[in-house]
Each structure stands twice: as C-alpha cells, then as structure tokens.
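Here is the structure we will look at, set down as structure tokens.
The values are calculated or read from the model by the stated rules, or taken from the named source; none is laboratory data. Source: prediction; values computed, not measured. Using ideal geometry, Cβ is built from the backbone for each residue, glycine included, and neighbour counts are taken over all protein chains shown. Remember, those area values only see protein heavy atoms, side chains included, never the ligands or the DNA or RNA. Shrake-Rupley method; radii C 1.70, N 1.55, O 1.52, S 1.80 Å.
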Amino acid sequence: GKGTYPFYMLKEIDEQPTVMRKLISTYADENGAMKVDAEIVKAVQEADRIYIIAAGTSYNAGFGAKIMLEALTNTPVELGVASEWGYGMPLLSKKPFFIFLSQSGETADSRQVLVKVNELGLPSLTVTNVPGSTLSREATYTMLIGAGPEIAVASTKAYTGQIATLAFLAKAVGEADGKEEAKEFELVKELSLVAQSIEATLSEKEKIAQIVKENLLTTRNAFYIGRKQDYFVAMEASLKLKEISYVQCEGFAAGELKHGTISLIEKDTPVLALISNNPEVAAHTRGNVMETVARGSSAIVIVEQGQEREGDDIIVNAVHPYLSAISMVIPTQLIAYETSMQRGLDVDKPRNLAKAVTVE
Ligand code: F6R
C-alpha cells in the first residue's frame, strides 16, 4: 500500500535511493566487482551496434544511458521508438544487439519489435521491472531492475533504475574489453553518491512546491531545455509534466530553440533549464536561458553543483557525469508531482492513460 503517502508517485520517487542501493547489491559483489551474467556481457561484446527499443519513459531512459554505454562499451548505441520500429526496421548493422527497456515487460509496441528480432534470429536483452513478463520471456536474456512494484502511471523509479542497471552492464562489458575507462569508473562508489544526491534533492520538496506555486500553477505550456545529457533529461522531464499535470511541455535541445521554437516564448512562459556539471555545456545553456528571458520567459534553473550561480533555483549534488541523468531527473519528477497535486488532479491516475499499454 501507499502507507501515509497521498499518492503512490511520491512514495515511488522517495524509494529511489533504496532502489540504487539494492541495484548495487544485485549487480556488484562486496569488492565492487561486477556480477553481470557472463553470457550477456559476451553477447554485447560481440555486437557492432546496440539498438535500444522502448516507449515513453523507458525510451527516455535509453537516452539517459546512451552516452555512458557508448563510452564504456565503445559500441554505437541507436535508439528506436517501439511503435515506429514495429512497421519495419531500418537498415541494421552486421552484428546488432537489441536491448528492450520496459518497466512492465508487457508493452505491445516493444513486443512487436522483439517478435521481428526473434524472427531474424538476433540476440536480445530485456531490462524490466517484472520477472516473467512477456518481453522477459521472449528475449534471449533478462536483467531485472528490482525496483519493486510501480503503481503510479507516471514512471519514476523505473527510469532511474533502468539507467543504473545499464551502468552495470556498460561497466561489465567495458572491463571485459579491457577498457581503462571502464576499470576506472568506480560504479559502486558513484552510485552510492547518486543515492545521496537523490536524498539531498528529496529534502528540498518544500522549496520545489514553492517554485511550482509561483511558476506552474496556471500556465498552459512550458519548456524544459538542456544540452547533451541534460537534453535527454529534458525529454523525460517534459513527458512527466505533460502526462500528470496536462501542461503542454516540450523538452528541447537548448541550442535548437533559436531555430524556430523560441517564437513560442511569451511573457511568463516557464522555461526550466537543466544544467549539469559540464562547464562548456553549462555556459551555452545559460546563454539560451538569457535569450528566453529577453523575451519575457520566467526561467527556472536546475543546476548541478559545480556550475551554480547566484539566483539559481534548485541545486543538485554533483555525481559522475555518466550518471547525471539519474540525479538531474529527480527535481523534475517532484516538479511534475507538485504541479499535478497543486492543480488538484489525480496524480496516480491521469486521464486517458493506463499503466501498461498492451495495444499497438
Ligand atoms: C510515462 C510512462 C509511459 C511508459 C511507457 C512504456 O511515465 O509510464 O510512457 O514509460 O508506456 O512502458 P514500459 O516501460 O512498461 O514498457
């Protein structure tokens, strides 16, 4: 049950530090060595390209892991929207490896791609929260997120859990390949820091509630902007806000705004900027924020420690750059939750939506 929580979503947001620590004990031993199925590691090592297929938040989680996966496995990662790939695959590489990301393991759009992958006799891995689910049974391999049941329609702990699970896979593959970068990436330590960073953000709920009250209570639209990894988080942040608060929100690559979309900025349009601890990217995103402020936007800056400036709104404790999608998404989950709550909506059961989408 949800205990003393008003909604499952808030309970599930709060569970994320525990999910991170549980993943450490599932996929690493007491010395910090990876415990990832050797067959999975070998299958990824043999691939010349990783195809991640998913829908919605799980698709966004694939992006959240892409930079890390490519850096540690030295293998290009391509993302596919399941509902599009179901019609037919694009030209595949010579040795593809498919990863299906699915909280429920029951998403019909993803399954129809898996059916084609199996017809082609290609290897696949399902990363899911539900043991024995359809996508788990039908893929070659499974890695479990182990986040515990996710009841709220809006997915939170599955997103962060999927990225963390893929981190273990990425490091295990990189180490098996003898890559220095993978050996030096102290995932157990770094993920513990992520858990702490999440806890620090969770203690800012009142401040976040106030920011929502001042900026998002009546608006019809909003923007999340960021660059690189922050852009990927912006995609997820905007999906979360849209689905439970019905605020129309775009997640945009900060540098693309000026190529057209900036014409939508009006007086008081909320622009939420995500700025992680990457000096070059941070400076550019701040420039883009100023461009919107010059057109009357009300800017809200969510910044990772190391790049903070006077007047920034939410500061997120710094983590390893590979894992910043996990820590940077937390304030945006709370923003979506608060916006829905303060508007008096049913946070856990938004209109028109079901938890698992079992139709194509
Ligand atoms: C968003 C959300 C959906 C799901 C999507 C995929 O909060 O919950 O976008 O992420 O329907 O579902 P799974 O991960 O179960 O395949």
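With respect to the conditions (1) away from the ligand (no atom under 11 Å from the Cβ); (2) at pLDDT 95 or above; (3) open to solvent by 10 Å² or more (accessible area, probe 1.4 Å), Pro90 falls short on a single one, namely (2). State all residues of the range 16-37 that are touching a strand residue (DSSP E or B) at 6+ places or on another chain (Cβ under 9 Å) and open to solvent by 40 Å² or more (accessible area, probe 1.4 Å); if no residue qualifies, say none. Scanning the range 16-37 gives Thr26, Lys35, Asp37. Apart from one condition, Ile335 fits all of (1) within 15 Å of the ligand (Cβ to nearest atom); (2) at pLDDT below 95; the exception is (2). In this structure, does Arg137 turn out to be in a helix (DSSP H, G or I) and crowded, with 16+ Cβ neighbours inside 10 Å? No. For the range 302-359, filtering for residues that are open to solvent by less than 10 Å² (accessible area, probe 1.4 Å) and not in a loop (DSSP other than H, G, I, E, B) leaves 22.
Among the candidates Ile13, Ile40, the residue that is in contact with a strand residue (DSSP E or B) (Cβ under 9 Å, 6 or more places away or on another chain) and either of a type in the set (A, V, I, L, M, F, W, C) or more than 30 Å from Glu78 (Cβ to Cβ) (or both) is uniquely Ile40. When you look at Leu79, is it away from the ligand (no atom under 16 Å from the Cβ), of a type in the set (A, V, I, L, M) and in contact with a Lys or Arg (Cβ under 9 Å, 6 or more places away or on another chain), yes or no? When the stated conditions are applied, Leu79 does not pass them.
Total residues in the range 93-109 satisfying the condition of being among the β-branched types (Val, Ile, Thr) and open to solvent by 10 Å² or more (accessible area, probe 1.4 Å): the figure is 1.
Please determine whether any residue of the range 152-167 is within 13 Å of the ligand (Cβ to nearest atom) and farther than 20 Å from Ala65 by Cα. Yes, the conditions are met somewhere in the range 152-167. State yes or no: is Glu84 farther than 17 Å from Ser155 by Cα, out of contact with any helix residue (DSSP H, G or I) (no Cβ under 9 Å at 6 or more places or on another chain) and either open to solvent by 40 Å² or more (accessible area, probe 1.4 Å) or not small (Gly, Ala, Ser) (or both)? For Glu84, the condition - farther than 17 Å from Ser155 by Cα, out of contact with any helix residue (DSSP H, G or I) (no Cβ under 9 Å at 6 or more places or on another chain) and either open to solvent by 40 Å² or more (accessible area, probe 1.4 Å) or not small (Gly, Ala, Ser) (or both) - is not met. Screening the range 185-294 for helices (runs of 4 or more DSSP H) wholly inside it with 2 or more residues that are crowded, with 19+ Cβ neighbours inside 10 Å and within 16 Å of the ligand (Cβ to nearest atom) returns the ranges 229-245.
Please specify each residue of the range 97-124 satisfying the condition of being more than 14 Å from the ligand (Cβ to nearest atom) and either under 24 Å from Ala164 (Cβ atoms) or among the charged types (D, E, K, R) (or both). Phe97, Phe98, Lys116, Glu119, Pro123, Ser124 - these are the residues of the range 97-124 that are more than 14 Å from the ligand (Cβ to nearest atom) and either under 24 Å from Ala164 (Cβ atoms) or among the charged types (D, E, K, R) (or both). Here Ala61, Ala71, Ala65 are screened, and the one residue that is assigned to a helix (DSSP H, G or I), surrounded by fewer than 24 Cβ atoms within 10 Å (Cβ to Cβ) and either of a type outside the set (Phe, Trp, Tyr) or within 16 Å of the ligand (Cβ to nearest atom) (or both) is Ala71. Does the range 175-183 contain any residue that is over 30 Å from Ser297 (Cα atoms), open to solvent by less than 60 Å² (accessible area, probe 1.4 Å) and assigned to a helix (DSSP H, G or I)? The answer is yes; a qualifying residue exists. Within the range 44-58, being touching a strand residue (DSSP E or B) at 6+ places or on another chain (Cβ under 6 Å) and either part of a loop (DSSP other than H, G, I, E, B) or open to solvent by 10 Å² or more (accessible area, probe 1.4 Å) (or both) holds for Ala47, Arg49, Ser58.
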